[in-house]
1. Is segment 59-68 home to any residue that is assigned to a helix (DSSP H, G or I) and in contact (Cβ under 8 Å) with a residue 12 or more places away in the chain?
2. Would you confirm, using the coordinates I've provided, whether Asp149 is out of contact with any strand residue (DSSP E or B) (no Cβ under 8 Å at 6 or more places or on another chain) and either closer than 27 Å to Ile16 by Cα or touching a residue at least 40 places away in the same chain (Cβ under 8 Å) (or both)?
3. Do you know which residues across segment 100-120 are more than 19 Å from Ile152 (Cβ to Cβ), surrounded by fewer than 20 Cβ atoms within 10 Å (Cβ to Cβ) and touching a strand residue (DSSP E or B) at 6+ places or on another chain (Cβ under 6 Å)?
4. What pairs come out if I take residues in segment 165-179 that are in a strand (DSSP E or B) and pair them with residues that are surrounded by 13 or more Cβ atoms within 10 Å (Cβ to Cβ) whose C-beta lies under 8 Å away, six or more apart or interchain?
5. Only one of these conditions is not met by Phe42: (1) surrounded by fewer than 15 Cβ atoms within 10 Å (Cβ to Cβ); (2) in contact with a Pro (Cβ under 9 Å, 6 or more places away or on another chain); (3) modelled with pLDDT under 95. Which number is it?
6. Can you tell me which residue within segment 136-165, out of those that are of a type in the set (Val, Ile, Thr) and under 12 Å from the mean Cα position of the chain (by Cα), is surrounded by the most Cβ atoms within 10 Å (Cβ to Cβ)?
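The values are calculated or read from the model by the stated rules, or taken from the named source; none is laboratory data. Fair warning: this is a prediction, and the values are worked out from it, not measured in the lab. Using ideal geometry, Cβ is built from the backbone for each residue, glycine included, and neighbour counts are taken over all protein chains shown.
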Amino acid sequence: MSAEILLLGDPRLREISLAVNNWESAEFKGQCNLLAETLSNFRQQHNFGRAISAPQIGFNIRVIAFNLQHRGFFMVNPVITRISPETFTMWDDCMSFPDLLVRVRRHTSICVKFLDTDGNPQTLEHLPQSESELVQHEIDHLDGVLALDRAIDRESVIYRTMFNRLPEHFRSMVDYVIS
């Protein structure tokens, strides 16, 4: 089973998500399962997608499902505790507007504290660039912020098909490209 992913324009994507404080509830467990299943199905259909936030399927809670290096896990109530002063530019994509890419600036590395789905505290220190940008993107979703809000300038929103037609041109405009 999979949920419908909310698309750009849906007002629920702009809401600030509420903290989770009941890890034992069947509702929370069900929401996490549906979030993970939706991520898995999206990856199969579109050949991209490393994470999805709960607001993207209409749940107003601070939860992110990840699938990194074939390992699934959740971040509940994540908080960035440190950001590197170094930044980079990249073409960001999003399941809520899968046909667009947005040129954004992100911090090269971050540290994040969060809870697992059992409420146990976790910390990830000095995340590498590929994970750092992803966590920043997903936490933005929890705060009602979309990659479009972070566009560097008015030339920084393109169709994915244009990127695929002129990859060298668009790659030359950023410091980092998701592989």
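1. Of the residues in segment 59-68, the ones assigned to a helix (DSSP H, G or I) are none.
Among the residues of segment 59-68, not one is assigned to a helix (DSSP H, G or I) and in contact (Cβ under 8 Å) with a residue 12 or more places away in the chain, which makes the answer no.
2. On the way: out of contact with any strand residue (DSSP E or B) (no Cβ under 8 Å at 6 or more places or on another chain): yes; either closer than 27 Å to Ile16 by Cα or touching a residue at least 40 places away in the same chain (Cβ under 8 Å) (or both): yes.
The answer is yes for Asp149.
3. Scanning segment 100-120 gives Cys111, Lys113, Asp116, Thr117.
4. Tyr176/Phe88; Tyr176/Thr89; Tyr176/Met90; Tyr176/Gln129; Tyr176/Glu133
5. Here Phe42 clears every test but (1).
6. The initial filter retains those residues of segment 136-165 that are of a type in the set (Val, Ile, Thr), namely 139, 145, 152, 157-158, 161.
Applying the additional criterion that residues be under 12 Å from the mean Cα position of the chain (by Cα) yields 139, 145.
Working: Ile139: 21, Val145: 16.
Restricting to residues being of a type in the set (Val, Ile, Thr) and under 12 Å from the mean Cα position of the chain (by Cα), the top hit is Ile139.
This table checks each residue for (1) more than 17 Å from Cys94 (Cβ to Cβ); (2) modelled with pLDDT under 95; (3) in a strand (DSSP E or B); (4) not hydroxyl-bearing (Ser, Thr, Tyr).
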site: Thr117; (1), (2), (3), (4): yes, no, no, no
site: His126; (1), (2), (3), (4): yes, no, no, yes
site: Val135; (1), (2), (3), (4): no, no, no, yes
site: Gly144; (1), (2), (3), (4): no, no, no, yes
site: Arg154; (1), (2), (3), (4): yes, yes, no, yes
